[in-house]
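Engineer: Submitted below is the structure of interest, expressed as structure tokens.
The values are calculated or read from the model by the stated rules, or taken from the named source; none is laboratory data. All of these numbers come straight from a predicted model, not from anything done at the bench. Please note: Cβ atoms are built from the backbone with ideal geometry, for glycine as well, and neighbour counts cover all protein chains shown. In case anyone asks, the SASA skips ligands and DNA or RNA and just uses the protein heavy atoms, side chains included. Shrake-Rupley method; radii C 1.70, N 1.55, O 1.52, S 1.80 Å.
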Amino acid sequence: REAERPRTAMAMAWRAAPRAAARLLLGRRGIASCIDPSMGLTEDQKEFQKVALDFAAKEMAPYMAEWDEKEIFPVETMRKAAQLGFGGIYVKPDVGGSGLSRLDTSIIFEALSTGCTSTTAYMSIHNMCVWMIDTFGNEEQRCRFCPSLCSMEKFASYCLTEPGSGSDAASLLTSAQRKGDTYVLNGSKAFISGGGDTDVYVVMCRTGGPGPKGISCLVLEKGMPGLSFGKKEKKVGWNSQPTRAVIFEDCVVPVGNRLGAEGQGFSIAMQGLNGGRINIASCSLGAAHASVLLAQEHLSVRKQFGEPLANNQYLQFRLAEMATRLVAARLMVRNAARALQDGREDAAVLCSMAKLFATDECFGICNQALQMHGGYGYLKDYAVQQFMRDIRVHQILEGTNEVMRMIVARNLLQG
């Protein structure tokens, strides 16, 4: 019966007073030093992290379950995050960005993800889109698009995947035929985060022959004639961000909306994804960190056979393994972020390795945390199940983990 169901203190607090529970879960106090995400950071990075953790605890975690259940896209919350500089974290300051490093960005997304992984993951995609415009756009394009995206007055979506080209992105079929000063765009994109609710679409399309060299990048704006959207998809997780197909039917786009030169689109897409892989891996870290703390709390207060679960050596060992895998994944992600920031030759493969390792390991951590909760972990009253559901897709998007293995193997065998 409801009145007799045993609950952990965390679970009861999460339901009755979500703000207090969020502070308990995400606060700096009580975190064992071996998994403290601030270890090794500079004082400035610790400040970025604290601001992000506080925002996650106060503005995201209390509403995480509601956003998931009601499929709410929390626009106003994200705009509050943008006021803290999180709308264009690694975008240049002259167009409204924060101008921070890739490592700083990873630290921020990890912290935000402890509050709501789904919302943070969308923010990471938005940031990737703004960076692509900032990096590959001309001055007119940068000044036209970036300020309103950095403030999150407007939101962006990344459009690469198609119904028939997922991992084989270079085979995409969406075509853009040049007609004077415009392109006429036809085709469709699938699984687009924010699709239909966002304002700016960074679209990879075919302007030339087959293969990657025939792909260009166009920036579309919502409301352009010929731009429409499919139905809102029903998903296992990531429910705080809408996902739809994006459809182009004789959609006329000015040539002035092309990023870079014709044929440069695939390179732009892949460079964006290098950072995107670090971003999404960082979101997995935040979910796993929160799940370790939830498991730690549950083992301490839940009793079976007359004593706390924390006294069970098997569960102690599993918790130790979770913590070890979390720290290993965090170190790998931060190493890749530094390599990408420094422009190292091995940056792309290190990003792939980090994305592969972190998303696999962090999903395992969240899944094990759920198992430690027993039947309660399977109830939506308990946050651990949402962290698990929200990061499952991280093993698929930004390049599946099978593709990450291909990239790493190719690098090793070509060496």
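Engineer: Along the Cα-to-Cβ line of Glu321, 7 Å from the Cα, sits a label point; which residues in the range 275-294 have backbone N less than 12 Å from it?
Structural biologist: none
Engineer: Can you pull out the GluC sites (Glu not before Pro) in the range 290-390 whose DSSP state is coil and whose Cβ has at most 11 other Cβ atoms within 10 Å?
Structural biologist: Glu345
Engineer: While we're here: Give me the percent of accessible area attributable to carbon and sulfur for the range 43-151, probe 1.4 angstrom.
Structural biologist: On the way: 1830 of 3590 Å².
Carbon and sulfur: 51 percent of the exposed surface of the range 43-151.
Engineer: Also, quick follow-up: Only Cα pairs under 8 Å and at least 6 apart count here; give the relative contact order of the range 127-185 as a rounded whole percent.
Structural biologist: 20
Engineer: Can you pull the one-decimal nm distance between simple spin-label points at Ile31 and Lys380, each 7 Å off the Cα toward Cβ?
Structural biologist: Rounded to a tenth, the inter-label distance reads 2.9 nm.
Engineer: Also: For helix 265-301, what angle does its Cα long axis make with the longest principal axis of the chain, in degrees from 0 to 90 and rounded to 10?
Structural biologist: Its long axis makes an angle of about 10 degrees.
Engineer: Given an 8 Å cut-off on Cα distances and at least 6 residues of separation, report the relative contact order of the chain as a percent.
Structural biologist: In percent, rounded to a whole number, it is 17.
Engineer: Name the shape class, rounded, prolate or oblate, that the alpha-carbon gyration tensor gives for the range 237-330, where a ≥ b ≥ c are the square roots of its eigenvalues, rounded holds for a/c under 1.5, and otherwise prolate holds if a/b is larger than b/c and oblate otherwise.
Structural biologist: On the way: a/c = 6.15, a/b = 2.84, b/c = 2.17.
Since a/c reaches 1.5 and a/b is larger than b/c, the shape of the range 237-330 is classed as prolate.
Engineer: Taking Cα centroids, how far is the range 351-415 from the range 124-181 in Å?
Structural biologist: 26
Engineer: Per residue, how much accessible area does the chain have with a 1.4 Å probe, in Å²? Before the final figure, lay out each step's value.
Structural biologist: Details: 17210 Å² over 415 residues.
Ligands and nucleic acids excluded, the figure is 41 Å² per residue.
Engineer: Show me the trypsin sites (Lys or Arg not before Pro) within the range 301-363 that DSSP assigns to loop and that have at most 15 other Cβ atoms within 10 Å of their Cβ.
Structural biologist: Passing sites in the range 301-363 are Arg344.
Engineer: Using 1/(1 + (r/R0)^6) with R0 = 22 angstrom and r between the beta carbons of Arg405 and Arg344, what's the FRET efficiency to the nearest 0.05?
Structural biologist: That pair, Arg405 with Arg344, gives E of 0.60.
Engineer: Could you work out how far apart the two model spin labels at Ser151 and Asn186 are, taking each label as a point 7 Å from the Cα in the direction of the beta carbon, and quote it in nm?
Structural biologist: In this crude label model, Ser151 to Asn186 measures out at 3.9 nm.
Engineer: Rounded to the nearest 500 deg cm²/dmol, what is the calculated helix-only ellipticity per residue at 222 nm for the chain, with -39500 (n - 2.57) per DSSP H run of length n ≥ 4?
Structural biologist: So the helix-based figure for the chain works out to -16500 deg cm²/dmol.
Engineer: Sticking with this structure for a sec: Tell me the carbon and sulfur percent of the accessible area for the range 211-263, rounded to whole percent, probe radius 1.4 Å. Intermediate values should be presented prior to the final figure.
Structural biologist: Details: 1290 of 2250 Å².
On the range 211-263, the fraction of accessible area on carbon and sulfur atoms equals 57 percent.
Engineer: I've got another one for you. Helix 383-392: angle to the longest alpha-carbon principal axis of the chain, degrees 0 to 90, nearest 10?
Structural biologist: Tilt relative to the chain: about 30 degrees.
Engineer: Rounded, prolate or oblate, given the Cα gyration tensor of the range 151-197, with a/c below 1.5 counting as rounded?
Structural biologist: Oblate, since a/c reaches 1.5 and b/c is not below a/b.
Engineer: Hey, another quick one. Residue separation times 0.36 nm, minus the C-alpha to C-alpha distance between Ser175 and Ser101: what's the value?
Structural biologist: 23.1 nm is the gain from fully extending Ser175 to Ser101.
Engineer: Right, another one. By how many degrees, 0 to 90 and rounded to 10, does the Cα axis of helix 313-342 deviate from the longest principal axis of the chain?
Structural biologist: 30
Engineer: Rounded to two decimals, what is Rg over Rh for the range 58-120 when you use alpha-carbon atoms and the Kirkwood radius?
Structural biologist: For the range 58-120, the value is 1.01.
Engineer: Now for a separate question. Please report the carbon-and-sulfur percent of the accessible area for the range 281-400; probe 1.4 Å, protein heavy atoms only, DNA, RNA and ligands left out.
Structural biologist: Values: 2690 of 4940 Å².
Heavy-atom surface of the range 281-400 belonging to carbon and sulfur, 1.4 Å probe: 54 percent.
Engineer: Any idea what % of Cα-Cα pairs in the range 156-263 are farther than 25 Å?
Structural biologist: Beyond 25 Å sits 15 percent of the P(r) for the range 156-263.
Engineer: I would also like to ask the following. Counting only C-alpha contacts under 8 Å and six or more residues apart, can you give the relative contact order of the range 43-151 as a whole percent?
Structural biologist: 33
Engineer: Based on Cα coordinates alone, diagonalise the gyration tensor for the range 70-162, multiply each eigenvalue by 5, take square roots, and list the semi-axes in whole Å, largest first.
Structural biologist: 20, 15, 13
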